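> I have a structure I would like to understand better, so I am pasting it below and will then ask my questions one at a time.
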Amino acid sequence: MLSSLALVIAGAQVFESPKLRLNLDNGAIVHAEQMQAGGRFSLAVRFRAVPETTETHGWRHLLEHLAAKGPAKEVDRLVESHGMFLLAETGREWTLFTISGPSDGFATAVEAMEQVLADREYADDEVRAEVTVLAEELALVESAQRASWEAWETLFGAAGLSPFGSLEAVERADGAALRQLASRVFVGRGAVATVAGDIEPRVAAERMKRMLQRLPAGSPEPLAIRQSVPSGVAFASTVAMPMPPVRDPGFLATLGAAMGVSSVQPGLVIGTTPSAAPGLLTIGSKSGDPARQIRKAIEEGPDVLAELGLRSAKDWLARLVGSAEGRTYLRAILLPESPAFDPDRWKQDMDLGTARSDVARALASLRRTVEP
Ligand SMILES: [Zn+2]
(Lines give C-alpha, C1' and ligand atoms only; values in the text may rest on other atoms or scores of the structure.)
Protein backbone atom coordinates (compact mmCIF):
# COMPACT_ATOMS: atom_id res chain seq x y z
CA MET A 1 0.00 0.00 0.00
CA LEU A 2 1.19 3.49 -0.73
CA SER A 3 1.95 6.09 1.84
CA SER A 4 -0.82 8.63 1.85
CA LEU A 5 -1.96 11.68 3.68
CA ALA A 6 -5.06 10.95 5.68
CA LEU A 7 -6.75 13.97 4.14
CA VAL A 8 -10.24 12.60 4.08
CA ILE A 9 -10.98 10.75 7.23
CA ALA A 10 -14.67 10.93 7.97
CA GLY A 11 -15.86 9.98 11.36
CA ALA A 12 -17.44 10.17 14.69
CA GLN A 13 -17.79 12.74 17.41
CA VAL A 14 -15.33 13.36 20.19
CA PHE A 15 -16.15 13.69 23.86
CA GLU A 16 -14.01 13.81 26.98
CA SER A 17 -12.92 10.25 27.14
CA PRO A 18 -11.22 7.74 29.40
CA LYS A 19 -7.76 6.95 28.13
CA LEU A 20 -4.79 4.99 29.27
CA ARG A 21 -1.14 5.08 28.32
CA LEU A 22 1.50 2.47 29.13
CA ASN A 23 5.25 2.74 28.59
CA LEU A 24 6.72 -0.73 28.15
CA ASP A 25 10.21 -1.83 29.21
CA ASN A 26 11.27 -2.39 25.60
CA GLY A 27 10.51 1.25 24.74
CA ALA A 28 7.12 0.66 23.10
CA ILE A 29 4.15 2.89 23.91
CA VAL A 30 0.58 1.65 24.29
CA HIS A 31 -2.35 4.06 24.20
CA ALA A 32 -6.04 3.22 24.45
CA GLU A 33 -8.87 5.71 24.34
CA GLN A 34 -12.58 5.17 24.66
CA MET A 35 -14.64 7.43 22.44
CA GLN A 36 -18.08 7.40 20.90
CA ALA A 37 -17.46 5.89 17.49
CA GLY A 38 -20.72 4.22 16.46
CA GLY A 39 -19.72 0.82 17.84
CA ARG A 40 -16.40 0.81 16.01
CA PHE A 41 -12.70 1.07 16.76
CA SER A 42 -9.46 1.78 14.97
CA LEU A 43 -6.24 0.06 16.05
CA ALA A 44 -2.87 1.24 14.71
CA VAL A 45 0.55 -0.28 15.27
CA ARG A 46 3.51 1.78 14.18
CA PHE A 47 7.21 0.98 13.92
CA ARG A 48 10.05 3.38 13.42
CA ALA A 49 11.61 3.25 9.98
CA VAL A 50 15.15 1.94 9.70
CA PRO A 51 17.28 4.03 7.34
CA GLU A 52 17.43 2.89 3.72
CA THR A 53 20.17 3.37 1.17
CA THR A 54 19.87 3.27 -2.61
CA GLU A 55 20.95 -0.43 -2.30
CA THR A 56 18.05 -1.34 0.00
CA HIS A 57 15.55 1.28 -1.16
CA GLY A 58 12.07 -0.23 -0.91
CA TRP A 59 12.93 -3.30 1.19
CA ARG A 60 10.88 -1.89 4.03
CA HIS A 61 7.92 -1.48 1.69
CA LEU A 62 8.37 -5.06 0.51
CA LEU A 63 8.52 -6.24 4.12
CA GLU A 64 5.30 -4.34 4.87
CA HIS A 65 3.52 -6.22 2.05
CA LEU A 66 4.80 -9.63 3.15
CA ALA A 67 4.29 -9.11 6.88
CA ALA A 68 0.70 -7.94 6.35
CA LYS A 69 -0.24 -11.42 5.13
CA GLY A 70 0.98 -13.24 8.24
CA PRO A 71 2.92 -16.54 8.42
CA ALA A 72 -0.07 -18.66 7.35
CA LYS A 73 -1.47 -16.00 4.97
CA GLU A 74 -4.51 -15.85 7.20
CA VAL A 75 -4.54 -12.22 8.25
CA ASP A 76 -6.96 -11.05 5.54
CA ARG A 77 -9.42 -13.85 6.21
CA LEU A 78 -9.29 -13.28 9.95
CA VAL A 79 -9.82 -9.55 9.61
CA GLU A 80 -12.55 -9.77 7.00
CA SER A 81 -14.45 -12.48 8.88
CA HIS A 82 -15.32 -9.81 11.45
CA GLY A 83 -16.17 -7.10 8.93
CA MET A 84 -12.88 -5.31 9.61
CA PHE A 85 -10.22 -4.09 7.21
CA LEU A 86 -6.45 -3.80 7.37
CA LEU A 87 -4.43 -0.96 5.91
CA ALA A 88 -0.65 -1.17 5.68
CA GLU A 89 1.43 1.90 4.98
CA THR A 90 5.12 2.55 4.54
CA GLY A 91 6.14 6.14 5.21
CA ARG A 92 9.57 7.75 5.25
CA GLU A 93 9.59 7.64 9.05
CA TRP A 94 7.44 4.65 9.90
CA THR A 95 5.76 1.40 8.98
CA LEU A 96 2.12 1.47 10.01
CA PHE A 97 -0.57 -1.21 10.17
CA THR A 98 -4.16 -0.22 10.94
CA ILE A 99 -7.18 -2.44 11.53
CA SER A 100 -10.61 -0.82 11.82
CA GLY A 101 -14.03 -2.32 12.26
CA PRO A 102 -16.88 -3.16 14.64
CA SER A 103 -15.80 -3.26 18.29
CA ASP A 104 -16.67 -6.92 18.82
CA GLY A 105 -13.77 -7.71 16.48
CA PHE A 106 -11.12 -6.01 18.62
CA ALA A 107 -9.71 -9.23 20.14
CA THR A 108 -9.48 -10.76 16.66
CA ALA A 109 -7.81 -7.61 15.35
CA VAL A 110 -5.05 -7.95 17.94
CA GLU A 111 -4.60 -11.63 17.03
CA ALA A 112 -4.30 -10.65 13.39
CA MET A 113 -1.79 -7.95 14.29
CA GLU A 114 0.26 -10.52 16.23
CA GLN A 115 0.43 -12.60 13.06
CA VAL A 116 1.67 -9.56 11.14
CA LEU A 117 4.48 -9.06 13.67
CA ALA A 118 5.36 -12.74 14.03
CA ASP A 119 9.05 -13.61 13.72
CA ARG A 120 9.06 -15.94 10.74
CA GLU A 121 10.83 -17.16 7.61
CA TYR A 122 10.22 -15.39 4.33
CA ALA A 123 10.56 -17.80 1.41
CA ASP A 124 12.49 -16.57 -1.62
CA ASP A 125 9.67 -17.39 -4.05
CA GLU A 126 7.20 -15.57 -1.80
CA VAL A 127 9.51 -12.55 -1.95
CA ARG A 128 9.81 -12.73 -5.74
CA ALA A 129 6.04 -12.97 -6.14
CA GLU A 130 5.58 -9.87 -4.02
CA VAL A 131 8.14 -7.93 -6.06
CA THR A 132 5.80 -8.49 -9.01
CA VAL A 133 2.97 -7.00 -6.96
CA LEU A 134 5.13 -3.95 -6.21
CA ALA A 135 5.83 -3.53 -9.93
CA GLU A 136 2.09 -3.57 -10.62
CA GLU A 137 1.52 -1.08 -7.82
CA LEU A 138 4.19 1.23 -9.23
CA ALA A 139 2.56 1.14 -12.66
CA LEU A 140 -0.60 2.59 -11.08
CA VAL A 141 1.14 5.45 -9.29
CA GLU A 142 -0.03 8.81 -10.59
CA SER A 143 2.39 11.25 -12.12
CA ALA A 144 1.75 13.84 -9.37
CA GLN A 145 2.93 11.27 -6.81
CA ARG A 146 6.06 10.48 -8.81
CA ALA A 147 6.82 14.19 -9.14
CA SER A 148 6.45 14.58 -5.37
CA TRP A 149 8.95 11.73 -4.77
CA GLU A 150 11.41 13.43 -7.12
CA ALA A 151 11.07 16.71 -5.25
CA TRP A 152 11.80 15.02 -1.91
CA GLU A 153 14.81 13.21 -3.29
CA THR A 154 16.15 16.35 -4.95
CA LEU A 155 15.77 18.48 -1.83
CA PHE A 156 16.72 15.98 0.89
CA GLY A 157 18.98 13.45 -0.82
CA ALA A 158 19.22 10.14 1.07
CA ALA A 159 16.91 11.45 3.82
CA GLY A 160 14.21 12.05 1.19
CA LEU A 161 14.12 8.65 -0.52
CA SER A 162 10.57 7.73 -1.49
CA PRO A 163 8.68 5.37 0.81
CA PHE A 164 7.86 3.24 -2.24
CA GLY A 165 11.39 2.26 -3.17
CA SER A 166 13.06 1.29 -6.41
CA LEU A 167 12.27 -1.89 -8.32
CA GLU A 168 15.96 -2.49 -8.99
CA ALA A 169 16.69 -2.51 -5.28
CA VAL A 170 13.72 -4.70 -4.25
CA GLU A 171 14.67 -7.24 -6.92
CA ARG A 172 17.92 -7.76 -4.99
CA ALA A 173 16.09 -8.66 -1.76
CA ASP A 174 15.65 -12.28 -0.65
CA GLY A 175 13.98 -14.12 2.22
CA ALA A 176 16.99 -14.05 4.52
CA ALA A 177 17.51 -10.32 4.02
CA LEU A 178 13.86 -9.61 4.77
CA ARG A 179 13.87 -11.66 7.93
CA GLN A 180 16.93 -9.73 9.07
CA LEU A 181 15.19 -6.47 8.23
CA ALA A 182 12.07 -7.57 10.13
CA SER A 183 14.22 -8.14 13.21
CA ARG A 184 15.29 -4.48 13.03
CA VAL A 185 11.86 -3.02 12.21
CA PHE A 186 9.59 -4.97 14.58
CA VAL A 187 11.20 -3.78 17.82
CA GLY A 188 10.00 -1.91 20.88
CA ARG A 189 11.97 1.31 20.41
CA GLY A 190 9.85 3.75 18.45
CA ALA A 191 6.87 1.36 18.43
CA VAL A 192 3.36 2.50 19.29
CA ALA A 193 0.12 0.55 19.55
CA THR A 194 -2.86 2.83 19.81
CA VAL A 195 -6.60 2.28 19.71
CA ALA A 196 -9.55 4.64 19.79
CA GLY A 197 -13.23 3.85 19.68
CA ASP A 198 -15.89 1.93 21.53
CA ILE A 199 -13.52 -0.21 23.57
CA GLU A 200 -12.74 -0.59 27.26
CA PRO A 201 -9.38 1.21 27.62
CA ARG A 202 -7.94 -0.89 30.46
CA VAL A 203 -8.75 -4.23 28.82
CA ALA A 204 -7.59 -3.01 25.40
CA ALA A 205 -4.34 -1.57 26.74
CA GLU A 206 -3.49 -4.79 28.60
CA ARG A 207 -4.12 -6.82 25.47
CA MET A 208 -1.98 -4.51 23.32
CA LYS A 209 0.73 -4.60 25.97
CA ARG A 210 0.88 -8.41 25.66
CA MET A 211 1.19 -7.98 21.89
CA LEU A 212 4.14 -5.58 22.02
CA GLN A 213 6.03 -6.54 25.16
CA ARG A 214 7.43 -9.72 23.58
CA LEU A 215 9.34 -7.66 21.02
CA PRO A 216 13.04 -6.99 21.65
CA ALA A 217 13.96 -3.38 22.40
CA GLY A 218 16.11 -3.18 19.28
CA SER A 219 19.26 -1.17 18.82
CA PRO A 220 19.08 2.60 18.80
CA GLU A 221 19.42 3.39 15.12
CA PRO A 222 18.37 6.98 14.90
CA LEU A 223 16.84 7.99 11.61
CA ALA A 224 18.62 10.87 9.91
CA ILE A 225 15.75 13.18 10.74
CA ARG A 226 15.30 16.31 8.66
CA GLN A 227 16.18 19.40 10.65
CA SER A 228 15.23 22.12 8.23
CA VAL A 229 14.00 22.54 4.71
CA PRO A 230 15.02 24.89 1.93
CA SER A 231 12.62 27.54 0.70
CA GLY A 232 9.95 26.63 -1.82
CA VAL A 233 10.96 25.31 -5.23
CA ALA A 234 8.91 25.14 -8.42
CA PHE A 235 9.87 22.05 -10.41
CA ALA A 236 8.47 21.36 -13.87
CA SER A 237 5.67 19.10 -12.65
CA THR A 238 5.38 19.84 -8.95
CA VAL A 239 5.68 22.79 -6.61
CA ALA A 240 7.34 22.07 -3.26
CA MET A 241 6.73 24.18 -0.17
CA PRO A 242 8.54 23.76 3.15
CA MET A 243 6.09 22.09 5.56
CA PRO A 244 6.62 22.85 9.26
CA PRO A 245 6.33 20.06 11.85
CA VAL A 246 2.76 19.10 12.61
CA ARG A 247 2.75 20.88 16.00
CA ASP A 248 3.87 24.19 14.51
CA PRO A 249 0.91 26.49 13.71
CA GLY A 250 2.55 27.06 10.31
CA PHE A 251 1.54 23.48 9.46
CA LEU A 252 -2.16 24.38 9.22
CA ALA A 253 -1.46 27.72 7.49
CA THR A 254 0.63 25.97 4.80
CA LEU A 255 -2.03 23.30 4.33
CA GLY A 256 -4.67 26.06 4.18
CA ALA A 257 -2.79 27.89 1.44
CA ALA A 258 -2.61 24.73 -0.66
CA MET A 259 -6.26 23.88 -0.02
CA GLY A 260 -7.34 27.40 -0.91
CA VAL A 261 -5.55 27.21 -4.24
CA SER A 262 -6.87 23.74 -5.03
CA SER A 263 -10.43 24.75 -4.16
CA VAL A 264 -10.48 27.10 -7.18
CA GLN A 265 -8.16 25.13 -9.46
CA PRO A 266 -9.47 21.58 -9.73
CA GLY A 267 -6.92 18.97 -10.79
CA LEU A 268 -4.26 20.11 -8.34
CA VAL A 269 -3.01 17.30 -6.12
CA ILE A 270 -1.78 18.14 -2.62
CA GLY A 271 0.69 15.76 -1.03
CA THR A 272 2.06 15.89 2.49
CA THR A 273 2.50 13.66 5.50
CA PRO A 274 2.05 14.99 9.03
CA SER A 275 5.33 14.56 10.87
CA ALA A 276 7.15 15.63 14.01
CA ALA A 277 9.93 16.83 11.68
CA PRO A 278 9.90 19.50 8.99
CA GLY A 279 9.12 18.19 5.52
CA LEU A 280 7.48 19.19 2.28
CA LEU A 281 4.06 19.93 0.94
CA THR A 282 3.93 19.28 -2.78
CA ILE A 283 1.33 20.49 -5.24
CA GLY A 284 1.14 18.56 -8.48
CA SER A 285 -1.33 18.84 -11.29
CA LYS A 286 -3.33 16.33 -13.30
CA SER A 287 -3.20 18.67 -16.26
CA GLY A 288 0.52 19.32 -16.25
CA ASP A 289 1.62 22.76 -15.06
CA PRO A 290 0.89 23.33 -11.36
CA ALA A 291 2.94 26.57 -11.15
CA ARG A 292 0.77 28.23 -13.79
CA GLN A 293 -2.44 27.07 -12.11
CA ILE A 294 -1.26 28.28 -8.71
CA ARG A 295 -0.30 31.69 -10.14
CA LYS A 296 -3.68 32.01 -11.80
CA ALA A 297 -5.56 31.11 -8.61
CA ILE A 298 -3.62 33.53 -6.40
CA GLU A 299 -3.78 36.40 -8.89
CA GLU A 300 -7.55 36.08 -9.16
CA GLY A 301 -8.35 36.54 -5.48
CA PRO A 302 -5.82 36.11 -2.70
CA ASP A 303 -8.23 37.23 0.06
CA VAL A 304 -10.91 34.76 -0.95
CA LEU A 305 -8.31 32.00 -1.17
CA ALA A 306 -7.06 32.71 2.35
CA GLU A 307 -10.60 32.49 3.69
CA LEU A 308 -11.47 29.34 1.72
CA GLY A 309 -8.18 27.72 2.62
CA LEU A 310 -8.46 28.46 6.33
CA ARG A 311 -11.97 27.01 6.42
CA SER A 312 -10.96 23.86 4.49
CA ALA A 313 -7.91 23.29 6.67
CA LYS A 314 -9.91 23.68 9.87
CA ASP A 315 -12.61 21.33 8.55
CA TRP A 316 -9.91 18.80 7.74
CA LEU A 317 -8.48 19.18 11.23
CA ALA A 318 -11.89 18.72 12.85
CA ARG A 319 -12.59 15.56 10.82
CA LEU A 320 -9.17 14.13 11.57
CA VAL A 321 -9.28 14.78 15.31
CA GLY A 322 -12.97 13.81 15.53
CA SER A 323 -12.54 10.32 14.13
CA ALA A 324 -11.16 7.17 15.73
CA GLU A 325 -9.01 6.59 12.61
CA GLY A 326 -7.59 10.10 12.74
CA ARG A 327 -6.79 9.97 16.45
CA THR A 328 -5.02 6.61 16.27
CA TYR A 329 -3.12 7.79 13.19
CA LEU A 330 -1.93 10.99 14.84
CA ARG A 331 -0.89 9.25 18.04
CA ALA A 332 0.83 6.43 16.16
CA ILE A 333 3.03 8.78 14.19
CA LEU A 334 3.64 11.45 16.84
CA LEU A 335 3.85 9.83 20.28
CA PRO A 336 7.47 8.59 20.04
CA GLU A 337 8.82 12.09 19.29
CA SER A 338 6.15 14.04 21.20
CA PRO A 339 5.25 11.96 24.29
CA ALA A 340 2.81 14.62 25.55
CA PHE A 341 0.89 14.85 22.25
CA ASP A 342 -2.86 15.16 22.72
CA PRO A 343 -5.12 15.47 19.66
CA ASP A 344 -7.70 17.72 21.36
CA ARG A 345 -5.14 20.16 22.72
CA TRP A 346 -3.39 20.15 19.35
CA LYS A 347 -6.64 20.99 17.56
CA GLN A 348 -7.36 23.76 20.02
CA ASP A 349 -3.87 25.26 19.61
CA MET A 350 -4.20 25.08 15.83
CA ASP A 351 -7.70 26.57 15.80
CA LEU A 352 -6.68 29.47 18.00
CA GLY A 353 -3.19 29.85 16.57
CA THR A 354 -4.00 29.96 12.87
CA ALA A 355 -5.67 33.05 11.46
CA ARG A 356 -6.57 34.12 7.96
CA SER A 357 -3.47 36.34 7.96
CA ASP A 358 -1.27 33.26 8.51
CA VAL A 359 -2.82 31.55 5.49
CA ALA A 360 -2.40 34.79 3.52
CA ARG A 361 1.30 34.82 4.42
CA ALA A 362 1.67 31.19 3.31
CA LEU A 363 -0.09 32.10 0.05
CA ALA A 364 2.33 34.99 -0.49
CA SER A 365 5.25 32.63 -0.02
CA LEU A 366 3.65 30.14 -2.41
CA ARG A 367 3.20 32.95 -4.92
CA ARG A 368 6.90 33.88 -4.70
CA THR A 369 7.78 30.22 -5.30
CA VAL A 370 5.82 30.07 -8.54
CA GLU A 371 6.92 33.42 -9.97
CA PRO A 372 8.15 32.86 -13.50
ZN1 LIG B 1 2.62 -1.13 -1.38
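> List the helices (runs of 4 or more DSSP H) that sit entirely inside the stretch 111-222 and contain at least 3 residues that are among the charged types (D, E, K, R), within 23 Å of the chain's Cα centre (by Cα) and within 16 Å of the ligand (Cβ to nearest atom). Steps first, answer last, please.
Values: elements: 124-139, 143-156, 167-171, 175-185, 201-213.
Here the list reads 124-139.
> While we're on this one: When you scan the stretch 293-303, do you find a residue that is in contact with a Ser or Thr (Cβ under 8 Å, 6 or more places away or on another chain), farther than 22 Å from Thr238 by Cα and touching a residue at least 12 places away in the same chain (Cβ under 8 Å), even just one?
Within the stretch 293-303 (the criterion being in contact with a Ser or Thr (Cβ under 8 Å, 6 or more places away or on another chain), farther than 22 Å from Thr238 by Cα and touching a residue at least 12 places away in the same chain (Cβ under 8 Å)), the answer is no, since none of the residues qualifies.
> Can I ask one more? Scan the stretch 120-145 residue by residue and report those that are out of contact with any Leu (no Cβ under 9 Å at 6 or more places or on another chain) and modelled with pLDDT under 95.
Listed by number, the residues that qualify are Glu142, Ser143.
> Further question on the same structure: Report the residue count in the stretch 117-140 for those that are among the small types (Gly, Ala, Ser) and under 14 Å from Ala67 (Cα atoms).
Start the filter on the stretch 117-140 by keeping residues that are among the small types (Gly, Ala, Ser), which leaves 118, 123, 129, 135, 139.
Filter again for under 14 Å from Ala67 (Cα atoms), leaving 118, 123, 129.
So the answer is 3.
> While we're here: Which numbered condition in (1) among the hydroxyl-bearing types (Ser, Thr, Tyr); (2) in contact with a strand residue (DSSP E or B) (Cβ under 7 Å, 6 or more places away or on another chain); (3) assigned by TED's automatic domain parsing to the domain that holds Ala112 is the only one that Thr238 fails?
Tallying (1) among the hydroxyl-bearing types (Ser, Thr, Tyr); (2) in contact with a strand residue (DSSP E or B) (Cβ under 7 Å, 6 or more places away or on another chain); (3) assigned by TED's automatic domain parsing to the domain that holds Ala112, Thr238 fails exactly one: (3).
> Of the conditions (1) without any contact (Cβ under 8 Å) to a residue 60 or more places away in the chain; (2) more than 20 Å from Ala118 (Cα to Cα); (3) of a type in the set (Ser, Thr, Tyr), Thr238 satisfies every one except a single condition; which number is it?
So the condition that Thr238 fails would be (1).
> Test of understanding: among Ala151, Ala169, Ala205, which residue is of a type in the set (A, V, I, L, M), surrounded by 14 or more Cβ atoms within 10 Å (Cβ to Cβ) and touching an Asp or Glu at 6+ places or on another chain (Cβ under 7 Å)? First the steps, then the outcome.
On the way: Ala151 fails: touching an Asp or Glu at 6+ places or on another chain (Cβ under 7 Å); Ala205 fails: touching an Asp or Glu at 6+ places or on another chain (Cβ under 7 Å).
Unique residue meeting the criteria: Ala169.
> For Thr98, indicate whether it is away from the ligand (no atom under 12 Å from the Cβ), in contact with a strand residue (DSSP E or B) (Cβ under 8 Å, 6 or more places away or on another chain) and in contact (Cβ under 8 Å) with a residue 24 or more places away in the chain.
Details: away from the ligand (no atom under 12 Å from the Cβ): yes; in contact with a strand residue (DSSP E or B) (Cβ under 8 Å, 6 or more places away or on another chain): yes; in contact (Cβ under 8 Å) with a residue 24 or more places away in the chain: yes.
Yes; evaluated as a whole, the condition is true for this residue.
> Now, a different point. Just checking, how many residues over the stretch 352-362 are surrounded by 13 or more Cβ atoms within 10 Å (Cβ to Cβ) and without any contact (Cβ under 8 Å) to a residue 60 or more places away in the chain? Spell out how you get there, then give the answer.
Step one: filter the stretch 352-362 for residues surrounded by 13 or more Cβ atoms within 10 Å (Cβ to Cβ), giving 353-356, 358-362.
Retained after the next criterion (residues that are without any contact (Cβ under 8 Å) to a residue 60 or more places away in the chain): 355-356, 360.
Qualifying residue count for the region: 3.
> Right, here's the next one. Kindly indicate which of Ser262, Ser287, Ser338, Ser365 is surrounded by fewer than 21 Cβ atoms within 10 Å (Cβ to Cβ), in contact (Cβ under 8 Å) with a residue 12 or more places away in the chain and not in a loop (DSSP other than H, G, I, E, B). Break it down into steps so the answer makes sense when it comes.
Numbers: Ser262 fails: surrounded by fewer than 21 Cβ atoms within 10 Å (Cβ to Cβ); Ser287 fails: not in a loop (DSSP other than H, G, I, E, B); Ser338 fails: not in a loop (DSSP other than H, G, I, E, B).
From the options Ser262, Ser287, Ser338, Ser365, the qualifying one is Ser365.
> Name the residue that is nearest to the ligand (Cβ to nearest atom), counting only residues in the stretch 56-84 that are surrounded by fewer than 17 Cβ atoms within 10 Å (Cβ to Cβ) and acidic (Asp, Glu).
Per the criteria, the residue is Asp76.
The values are calculated or read from the model by the stated rules, or taken from the named source; none is laboratory data. From a predicted model like this one, the values you see are computed outputs, not experimental measurements. Glycine gets a Cβ as well: all are built from the backbone with ideal geometry, and neighbour counts include every protein chain shown.
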